[in-house]
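Down below is the structure, laid out as structure tokens.
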Amino acid sequence: MHMYLHEEVLKQMKHLKSFNKKAKMLDAAVSQGDVEEVVAMQSVVGCTSVNDPGWEVDPFGGLGSLCQPMESDLYGCADACWWPAQVPDTMSSHPNWSQDVAKADEDWRKIDAIFPESE
Amino acid sequence: MKNHSMKRVIRFGGAVAFLGLASTASAIDGPQIIKENCLLCHSETGNAEAPFSRISQQRKTPEGWQTTINRMKSQRGLSLKPEHERVLIKYLADHQGLAPAETADLRYVLERQPNVVEQNVPEHVAGTCTGCHSSARSGLQRRTTDEWQKLIHFHMGQVPTIEYLAGHRDRPWFQIALNETAVKMGEGYPLQTQAWSDWKAKPKAALNGQWAVSGFVPDKGEFTAVMSVMPNQKDNYITLINGHYADGSKLTGSGSATVFTGYEWRGAIVIDGRKMRQVFAASEDGKQMAGRMYLKNDEVMGGRVLAEKADKAATLVSVTPSSIKQGASQTLIIAGANLSNKVSLGNGVKVEKVISQSADRLVVQVKADAKAAIGQRTLSVGKQTLENAVAVYDQVARVEITPTESIARIGGNGGPIPKRKSTYRAVGYAAGADGKPGTEDDLSLGYLPATWSLKAFDEVAEHDNDLKYAGSIDAKGIFTPGDAGLNPERKMSTNNVGNLAVVGTVKDGANSVSGEAHLLVTVQDFVKELIQ
């Protein structure tokens, strides 16, 4: 099971990076320490600071290095639990999220958020 | 049917907020509910002090316990009757909650305050938890070290990629989280604390009576009110609120509230036809409440509320605006109950007339002499006083826009996720004795009326024409983001995201003074949480 997950993860990481060459270039240009400093300054509660790429905010406090439009890579993020507090992870917690919507960029209006379950 | 569609029925708050509307009286108590519903996985320890495995080794806020129960329902097959869920959360929050001192610095997440940039995040939390969560989320829990370590194990199981995330994969994240972070959490946020023992032993004040209230809602402005709180059942109250917005229009509403842990006020109230939520903390003596009230379906639309127990006593809560220019006349709205109409702001500020007086407020017109001494004044109303209440100033030297860092999220456009707005206010400063703005002796003038505009934050935003697509701001400083979805007009069909500056401009006589805040208009949040 673990091996399977790891392979999937590595596949996803490759996938994300191919989508995000600009972010990769920026990552190479700036030392990790600098990036963490920028992110610490820019993170608003509710936004992830996982920034390779980020979901709401890129490593430089802007939007230029995010996947855009986000619908194009939405499921790539969900499969890999990349930002599990912002995008429902379909690996583990929410396997059925958006299972009926094959193409996010065409049918994004059918994709809902996960809400706190209640009575 | 998608599995989450039913979860939308009640969007936020769950039993925590809805305890306000429903009885918590039940024939069955918390421990019995645990015994009947949780022992397939949890076990009885035989120790009366900590009777249930895992459960008895943790303390949380009401929202924290609600989150745990939600997870048990969605991930672990728990099924609870709604009334039993309410009783259980109340029991857990009362018996294994957090003391007032333990929540005091982190209330913004409970209040769902938007656009908070956390300060003083512990280093071990910054490297371990804040990639996904606020620092406050862990800071509002208390556990044994063993339980903190089990929380790390839980994350490894539930989020198997956690070791691969940015900031994690370049170091032995799991070993650090388990053997360093969890141990520090056990030391810094232990299950047993003096604050909690003291609070548990302390008699709790009943909160029924008359409360003098002041507050703010972005689209309506400042308000004053009297809230009548009547006992219903134990720790459960009926509320009636009556008052005025700053423009004189009436405010009326009714609702109910439940108090958890002896001080955590959670109210559900309908004011002028709008459903609102109250997340307040009562002071330990039960004479003051402070917190945030916001629209149930649009939580960004809310603001600070301050309430003082008044009953029949003269009670002074606040005054707005909190500054007056030398030589100018100014209308002041004084929030309070049972006040006399004898108002004083010291030498050089004359009360010209009392404009009106009602149960919730006193409205007066004052004039500052052209040579009135610059600085903060104490407001006296009869025998009541409020220090640093009103600043006399010469001119507005600078303006800060709050919040300084902010996000809004695209939404709507036929999709199920609404737009997340962002709201702004302008805070003025006079230069102070040194005549230089931006120094320590600047004199705060409080919130000032402003006009609002947007501009591109940087060259990239200008090049991408973010200003055209990302949204608009209205005369009240409320920013509404653009529509969700792909936009074929934009390069690569980019969403209507944008990197903007919010500009607020304050008129000061013939001068205009502006300040700016940063606004990122970004994508939706697909996971709504009670505690971010």
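The values are calculated or read from the model by the stated rules, or taken from the named source; none is laboratory data. Since the model is a prediction, treat every value here as computed from it, not as a measurement. Every residue, glycine among them, receives a Cβ derived from its backbone with ideal geometry; neighbour counts consider all protein chains shown. Surface areas here come from the heavy atoms of the whole protein model, side chains and all, with no ligands, DNA or RNA. Shrake-Rupley method; radii C 1.70, N 1.55, O 1.52, S 1.80 Å.
A few points about this structure:
Conditions (1) within 30 Å of A:Trp97 (Cβ to Cβ); (2) modelled with pLDDT of 95 or more; (3) loosely packed, with under 15 Cβ neighbours inside 10 Å; (4) assigned by TED's automatic domain parsing to the domain that holds B:Tyr189, marked per residue:
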{"residue": "B:Val16", "(1), (2), (3), (4)": "yes, no, no, yes"}
{"residue": "B:Gly20", "(1), (2), (3), (4)": "no, no, no, yes"}
{"residue": "B:Glu49", "(1), (2), (3), (4)": "no, no, yes, yes"}
{"residue": "B:Arg54", "(1), (2), (3), (4)": "yes, yes, no, yes"}
{"residue": "B:Trp65", "(1), (2), (3), (4)": "yes, yes, no, yes"}
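- Within region B:337-356, tally of residues that are without any contact (Cβ under 8 Å) to a residue 24 or more places away in the chain, open to solvent by 80 Å² or more (accessible area, probe 1.4 Å) and either in a loop (DSSP other than H, G, I, E, B) or within 18 Å of B:Ala389 (Cβ to Cβ) (or both): 1
- As a summary of the residue check, A:Val9 satisfies the conditions (1) hydrophobic (A, V, I, L, M, F, W, C); (2) modelled with pLDDT of 90 or more; (3) open to solvent by less than 30 Å² (accessible area, probe 1.4 Å) except for the one numbered (2).
- Test: residue in region B:436-454 that is in contact (Cβ under 8 Å) with a residue 40 or more places away in the chain, within 14 Å of chain A (Cβ to nearest Cβ) and within 30 Å of A:Ser72 (Cα to Cα): no
- When region B:123-136 is limited to residues that are part of a helix (DSSP H, G or I) and at the interface with another protein chain (Cβ under 9 Å from one of its Cβ atoms), the one that is modelled with the lowest pLDDT turns out to be B:Ala126.
- Residue check for B:Gly471: among the small types (Gly, Ala, Ser), open to solvent by 10 Å² or more (accessible area, probe 1.4 Å) and in contact with a Pro (Cβ under 7 Å, 6 or more places away or on another chain): yes
- Residues within region B:517-532 that are over 18 Å from B:Glu400 (Cα atoms) and more than 8 Å from chain A (Cβ to nearest Cβ), tallied: 2
- B:Ala430 over 30 Å from A:Glu56 (Cα atoms), buried (at least 22 other Cβ atoms within 10 Å of the Cβ) and more than 14 Å from every other protein chain (Cβ to nearest Cβ): yes
- Within region B:159-188, the residues that satisfy the criterion of being surrounded by fewer than 20 Cβ atoms within 10 Å (Cβ to Cβ) and in contact (Cβ under 8 Å) with a residue 60 or more places away in the chain are B:Lys184, B:Gly188.
- Considering region B:495-516, the residues that are surrounded by fewer than 21 Cβ atoms within 10 Å (Cβ to Cβ) and either small (Gly, Ala, Ser) or within 12 Å of A:Leu63 (Cβ to Cβ) (or both) include one that is nearest to the other protein chains (Cβ to nearest Cβ), namely B:Ala501.
- B:Val460 being surrounded by 13 or more Cβ atoms within 10 Å (Cβ to Cβ) and over 18 Å from A:Leu63 (Cβ atoms): no
- Number of residues in region B:87-122 that are more than 9 Å from chain A (Cβ to nearest Cβ) and modelled with pLDDT under 95: the value is 3.
- Looking only at region B:87-129, residues that are over 20 Å from B:Tyr294 (Cβ atoms), open to solvent by less than 40 Å² (accessible area, probe 1.4 Å) and not charged (D, E, K, R) come to 15 in all.
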